[in-house]
Amino acid sequence: MDIAIFGKTSIKLKGKNVALIVDPSKVMPKTSADAIILLDGRGNIDTSRVTDSRIIIDGAGGYEIGGAKVSGTTTSKGTLYRIVIDEIVIIIGRAAETKAEGFSACQVAIVNIGSDFNESFVTALEPKIAVLYGDKKNDAAKTLGAENVSSVPKITATKDKLPEKMEIVVLASS
């Protein structure tokens with residue numbers, strides 16, 4: 001499964017049989033995806049940048065798209081999603097979230113660090129990989145213990161090659 005950043009705040013999750021775009025923005029290139037996921041329906045969202053999309057997921061509920069399972073829950077800061085792609089459990093949300101019911105351990109935590117960073121949100125999820133993006137991603141990476149913070153535009157994760165200890169990845173477009 002690939003996790004890539006488009007522009008500043010749009011993320012593409014691509015598995016063997018499905019592609020999802022999180023928070024498509026006006027500044028990202030047009031791209032194809034099976035579904036659009038909105039963490040926060042306001043702001044710089046532009047769903048017209050995504051082609052071939054069959055559904056827009058915006059809020060609480062359970063969904064299945066191309067073999068991926070998506071469940072969303074509403075919190076005081078927006079929506080938090082649990083996504084299973086290629087047998088990898090992903091939780092994606094904003095940094096200021098509090099832990100939501102039923103959203104416990106995951107293998108990959110993808111966190112938009114826009115303003116406030118709640119370190120316990122990430123550590124409570126016990127991810128093997130913490131993927132950080134957004135305005136304060138470098139500060140958050142240091143708070144989580146990353147020593148040398150370098151950004152990459154994309155990472156690939158497979159269920160059988162997840163690290164033993166939490167690995168911190170900062171996403172930024174090149």
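Observations on the structure shown:
- Filter result for P127 (under 17 Å from M1 (Cα atoms), under 13 Å from the mean Cα position of the chain (by Cα) and not in a strand (DSSP E or B)): yes
- Restricted to the range 1-112, the set of strands (runs of 3 or more DSSP E) holding at least 2 residues that are under 20 Å from A157 (Cβ atoms) and among the β-branched types (V, I, T) comprises 2-6, 19-22, 78-85, 88-94, 108-112.
- Scanning the range 130-151 for residues that are open to solvent by 70 Å² or more (accessible area, probe 1.4 Å), assigned to a loop (DSSP other than H, G, I, E, B) and more than 15 Å from E167 (Cβ to Cβ) turns up D135, K136.
- Qualifying positions in the range 7-50 - out of contact with any Lys or Arg (no Cβ under 9 Å at 6 or more places or on another chain) and open to solvent by 60 Å² or more (accessible area, probe 1.4 Å): K8, K14, K16, N17, R42, G43
- Test: residue in the range 36-51 that is over 19 Å from G93 (Cβ atoms) and among the hydrophobic types (A, V, I, L, M, F, W, C): yes
The values are calculated or read from the model by the stated rules, or taken from the named source; none is laboratory data. In this text the structure is predicted, and so the values were computed from the model without any measurement. When we count neighbours, we look across all protein chains shown, and the Cβ atoms used for this are built from the backbone with ideal geometry, even at glycine. We work out accessible area using only protein heavy atoms, side chains counted, and drop any ligands, DNA or RNA first. Shrake-Rupley method; radii C 1.70, N 1.55, O 1.52, S 1.80 Å.
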